[in-house]
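What follows is calculated from the coordinates using simple rules that are stated; it is not laboratory data. Since this is a predicted model, take the numbers as computed values, not measurements. Note: ideal-geometry Cβ built from the backbone for every residue, glycine included; neighbour counts use all protein chains shown.
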Amino acid sequence: MPSCNLRCPDTARTDTHTLILLIGTPAMRCMLTLFISLLILSGCQQSSEPPPQARAPIPWVKTVELKDAGPTAHRFSGTLRGRHEVPQAFQIAGRIQHRYIDAGQRVEKGDLLFKLDTRDLVATAEGAAADLKRAEAALAITTNELQRQQQLVGRQFVSEQTLQRLELAEREARSQVQTASARNQQAQNALGYAELKAAHAGVVTEVIVEPGQVVGVGQTLAVLAEDQSLEVEVFLPEGSNPPRRGYVPLPTGEQLAVSLREIAGAADPASRSWRARYSLEGPYPSSLTLGSVVSVRLAQKQTAPSHRVPLGALDERGRTPQVWLVSDGTVKPLAVEVIDLGEEYAQIKADINAGTPIVALGTHLLTPGMAVRELVQ
C-alpha cells in the first residue's frame, strides 16, 4: 500500500488522524487523507493584498491675469473706393470705333478713352459749313442791294416802301447767317464730342462697352475713379448707430485712422443695411489700391467691461465659449461672450474682474473641480 507523506500544521493534525481512523479501508483512508491535506494547505495560505496604485501627479497649467481690453471696436469688411467715381459717357449717339482703355488702367487728364465713327459727323459738319457760306452770300447780296437803294431814295428814284422791304430782307438774311453759324458750331462741337477724353487723372474701375457697339447719349461706357483721395465703403447693420471714427489695421501693425464722411439716407431694400463712407486720414501706403477689401474697426460705445485674453484660453466645448478660472488650486468654467477675434488675442465680455487668473493653454483637457498647479506666465 502506498504511503502518503504529507505535512500539516499541528493544530489540524489530531482532527485529521481521528477522521482517518473512522475510514474503513486503507485506500479510502489514503484518498481522504490527500483531499483533506489539500484543503488544509489551501486554508493555511495567507491571502496577499495587491499593492496600492500610485496617485497621478497634479498637472501644471499656465495661467495669465485677465486684462481690460478698453473700448469695444466692432470689425467690418470694407471696400476702398475713390472719393469721386464718375461714369464716362458720350454727349452724342454713335458707333464706337476705338477703345483705348482697359479696366484697372491708370489714365491722366486729357487721355483719350473712346472714339466714335465720325463719317456722319463730318458730313453733317460740312453741310453746316456750306449752309453758313450760302447764308453769308445771301446777306452780302441783300446788304449791297440795300445800299444802292438807299442812294436812290435820296434822289427820289425809289419809294420809301421799297426801301423798307429791302431793310427787312437784309435783317432776315442776317438772321439766316446767325442760324447757319449756330448750326455750324453745333456740327463742329459734335465732331469734337466724338472723342471722349479723361476729365481728371484716375483709375478705370470698369469698362462696359466694346468697339462696334452703338451707344446713346449719356450711356455709361466706363467708370473713372479718382485715386488721390480714397474712402472705405462699409455696409452697417440696420438699427446700428454709425460710429464717427475708427481705424484700418495695416499689415505692418500700424493703424490708419478713418472718419465718417456720409451715411446713406435709407437702408438698402435687399440687404437692409446702411451704406457708409469713411475717409482715410493722413498718408496711406501704396498697398491700398482701389477695390481692395480691408478690415475696418469702428469704435462703439462701451456698454459693459470687456477683457483681452489669449486665443488658447477660449474653450469651445460647451454651448457657449468659456474660460477656466483658477481658485484654491482647482479650476472652474465661466461662460463668456466673444466680441472680437484677432490673430493672437480675443476680446471677451464676462462678469469678472480684471486681474483674475485664468488658464491660458490646454483648456480642452480640464474638467470642473480638477486640481491643478499654477505656472504663472
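A few remarks follow.
- Residue 190, sole failed condition from (1) part of a loop (DSSP other than H, G, I, E, B); (2) touching a helix residue (DSSP H, G or I) at 6+ places or on another chain (Cβ under 8 Å); (3) not aromatic (Phe, Trp, Tyr): (1)
- Leading residue by the ranking (nearest to residue 175 (Cα to Cα)) among those in the stretch 108-148 that are outside any helix (DSSP H, G or I) and of a type in the set (D, E, K, R): 117
- Just one of the numbered conditions (1) of a type outside the set (Gly, Ala, Ser); (2) under 26 Å from residue 78 (Cα atoms); (3) touching a His at 6+ places or on another chain (Cβ under 7 Å); (4) part of a loop (DSSP other than H, G, I, E, B) is not true of residue 298: (4).
- Single condition residue 189 does not satisfy, out of (1) under 26 Å from residue 114 (Cα atoms); (2) surrounded by 12 or more Cβ atoms within 10 Å (Cβ to Cβ); (3) among the polar types (S, T, N, Q); (4) touching a residue at least 24 places away in the same chain (Cβ under 8 Å): (4)
- Of the residues making up the stretch 330-377, those that are part of a strand (DSSP E or B), of a type outside the set (Lys, Arg) and closer than 30 Å to residue 249 by Cα number 13.
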